[in-house]
Amino acid sequence: MLRHMNRTTLRLRQELMEEARTEARRRNITLTALIEDSLLKELARAKAAEPRDWVELPVGRHGDGLNPRLNLDSNADIQEFLDEGLPLHKLR
């Protein structure tokens, strides 16, 4: 199955373009393939970094339900449980 391809013009710094061409040759791929792959990876990274409106609740190690240390009756306990192991700058 052929994908529809768009043509476009990009304006890149000369040194960046030369570096990209060199990397594409090193990988034995086209410049287009290098740019596509890099763009796909960057978009996936950006999407993964987006804040979520939900939080996954930790479950037991064997898929047997919620972790028994998690007290769902206390917001403070839930927050403390979720914060465990996070570096201090992430807790602020």
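The values are calculated or read from the model by the stated rules, or taken from the named source; none is laboratory data. Just so it is clear, the structure is predicted and the values come from calculations on it, not from any experiment. A quick note on method: Cβ atoms are made from the backbone with ideal geometry, for glycine too, and the neighbour counts reach across all protein chains shown.
Restricting attention to region 19-33, does a residue exist that is free of Cβ contacts under 8 Å to residues at least 40 places away in the same chain and touching a Lys or Arg at 6+ places or on another chain (Cβ under 9 Å)?
Initially, region 19-33 is screened for residues free of Cβ contacts under 8 Å to residues at least 40 places away in the same chain, giving 19-33.
If we keep only those that are touching a Lys or Arg at 6+ places or on another chain (Cβ under 9 Å) too, we end up with 31, 33.
Taking every residue of region 19-33 in turn, at least one turns out to be free of Cβ contacts under 8 Å to residues at least 40 places away in the same chain and touching a Lys or Arg at 6+ places or on another chain (Cβ under 9 Å).
Taking the residues in region 27-76 that are modelled with pLDDT of 75 or more and of a type in the set (Lys, Arg) as candidates, determine which candidate is farthest from the chain's Cα centre (by Cα). Spell out the reasoning first.
From region 27-76, those modelled with pLDDT of 75 or more are 27-49, 71-76; that's our starting set.
Checking the rest, the ones that are also of a type in the set (Lys, Arg) come to 27, 41, 45, 47.
Working: ARG27: 23, LYS41: 8, ARG45: 3, LYS47: 6 Å.
Filtering region 27-76 for residues that are modelled with pLDDT of 75 or more and of a type in the set (Lys, Arg), the one farthest from the chain's Cα centre (by Cα) comes out as ARG27.
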